[in-house]
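The structure appears right after this line, and notes come after that.
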Amino acid sequence: MRCGILIPLLILFVLTQTTTAAEKPNIIFFLVDDMGWQETSVPFHTQVTELNRRYRTPNMEKLAADGVKFTQAYASAVCSPSRISALTGMNVARHGVTNWTLQRDKGPDGRHPTLTLPEWPLNGFSPSSGIPRTVSGTTLPQLLRAAGYRTIHVGKAHFGAISTPGENPLNLGFDINIAGHAAGGPGSYWGEKNFSGKWRGAEAHWDVPGLEAYHGKDVFLTEALTLEAVKAVEQSVADRKPFYLYMSHYAVHAPWEKDMRFYQKYIDQGLKPAEATLASMIEGMDKSLGDLRTALKRLGVADNTIIVFLSDNGSPAECPPNLPLRGHKLNPYEGGVRVPMLAYWPGVTAPGTTNALPVVIDDIFPTLLDMGNIEWSKKVSQTVDGISLAPELRQSGTLENNRPIVWHFPNNYSGQGPFSALRAGPWKLIYFHATQKYELYNLDADIGEKVNLADKEPTQTATLARQLGQLLRARGALMPTVSKTGALVPYPGP
């Protein structure tokens, strides 16, 4: 009799657990480092380009065929700002971490010949406001964990400086941290080198932590991270726990090192060694995407797992130019900020869809929460600038096409001086702080930003400058000062 009662109760418990898990979609945010808009066989331009023909990313092709390709997706021009925007939903002008972070209380900026740079939060993000020169807020993984998700961080973190709480993803709402720390790049991608750059004189803080099981082995970092991510997903499925996987690859950031699984075929294709090295790293990243999707199918959760693919900024100057785009990482031009983005929401996104809506990495925060059906607006301590793309993923064309997108870089690094920029509709305005001059481009007519229309379109320039200035003021954007006078560089516009 007792057994007869327990069996139905057990069945009811299992069904309840299964139903609960099914109500919450698993979420994978697949973020690539330094991947340019054209560094894929998926054409994000209206025409297939030389780089599209050079690189092989079949799993990106499959993801695009299953979901939505965003052809005008944006990030900041450098890594830490983008990552904190995704973490918090704040635009870079609001959170203020406008350059990359590493050493505590020490930024990477060089001296500017005419400007004194502002005291920006160079220690990055912190879970509390007690750490000097940091920004704090409620994080995406905190909200997901509170809603019942197991939150998994794999790969590059780069949220906070060394010896601050923000360097450890476990302090930011993640239940699991695999290989994430303060550094924005790996010492090495090679397991034989223990993922350390000490053999070539690199400092120890670049060493990738937590992957000792792969030390001394013939395994590429991208592959090791993928293997660990699959293990974490397997455990979550076994525990009947919905998961958020932040698959944050170090690839394809420097140091550029051969992924020997793919390198030789690019040499045979006629590429130079440096070109073949980058191509091999891109294909290795793409294999990671495919391996994760294969694991999802094997585990029976592919139809309940959302995947969003994005890069954190454009391709560096050392890499082939992402034509027809102008510029590269750090620049305000499209080559520095326009990035590849794909989204797959099983049962919701229409297969093979292309979406030309301008979107930005700030949108990741509200979008993933809305896709997870999580009420978040009253639970955050910061102002969220991003907007949810969930309505757009459900039905293309539902969001406004000309909403303003803002970039802000009051810094001076690697030849790039301070700037602010605004995208609104087809128009792109760039304001250079040192000269207080403008450049204006119509991206619909001139995606390569070759023709500066600032003088020919004074009314449009003035309108956008006023709008950019208003947004920078509203977000508390920090500005440099003129060294000779001590006066702040004025916001753009009147």
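Laboratory data are not the source of any read-out in this text; all were calculated from the coordinates shown. Just so we're clear, the structure is a prediction, and the values are computed from it rather than from any experiment. Virtual Cβ from ideal backbone geometry, glycine too; neighbours counted across all protein chains shown.
Screening the chain for DSSP H helices whose Cα atoms reach 27 Å or more along their own axis and whose mean Kyte hydropathy is at least -1.0 gives 2-23, 273-298.
Taking only the Cα atoms of the chain, the ratio Rg/Rh comes out at 0.97, with Rh defined as the Kirkwood radius. Checking the Cα-Cα distances for K62/K272; K329/K456; K241/K297; K62/K217; K265/K287 against a 22 Å cut-off, the pairs over it are K62/K272; K329/K456; K62/K217.
Note on the range 134-199: Rg/Rh from Cα positions, Kirkwood definition for Rh, rounded to two decimals, is 1.05. In terms of surrounding Cβ atoms within a 10 Å radius of their Cβ, V380, V252 rank from fewest to most as V380, V252. As a proxy for reagent exposure, S129, S280 were ordered by neighbouring Cβ count within 10 angstrom, fewest first; the result is S129, S280. Arranged from fewest to most other beta-carbon atoms within 10 Å of their beta carbon, Y344, Y74 become Y344, Y74.
Rounded to the nearest 500, the 222 nm mean residue ellipticity of the chain from helices alone is -8500 deg cm²/dmol, with -39,500 (n - 2.57) taken per DSSP H run of at least 4 residues. So what is the diffusion coefficient of the range 184-240 in µm² per second by Stokes-Einstein at 10 °C and 1.306 mPa s, using a Kirkwood Rh over Cα pairs? D = 133 µm²/s. Judged by the mean number of other Cβ atoms found within 10 Å, the most tightly packed of the peptides 174-183, 42-51 leads the ranking 174-183, 42-51.
Return the inverse of the average 1/r over all pairs of distinct C-alpha atoms in the range 387-494, which is the Kirkwood hydrodynamic radius, in Å to one decimal.
Evaluated over the range 387-494, this radius sits at 15.1 Å.
Taking only the alpha carbons of the range 200-340, we obtain Rg and Dmax values of 17.2, 48 Å in that order. Could you work out the pair-distance distribution P(r) of the range 152-231 from its alpha-carbon pairs, with 5 angstrom bin width and percents rounded to whole numbers? Using 5 Å bins, I get a P(r) of 3, 17, 27, 24, 18, 9, 2 for the range 152-231. The distance linking the range 159-200 with the range 36-105 is 21 Å (Cα centroid to Cα centroid, whole angstrom).
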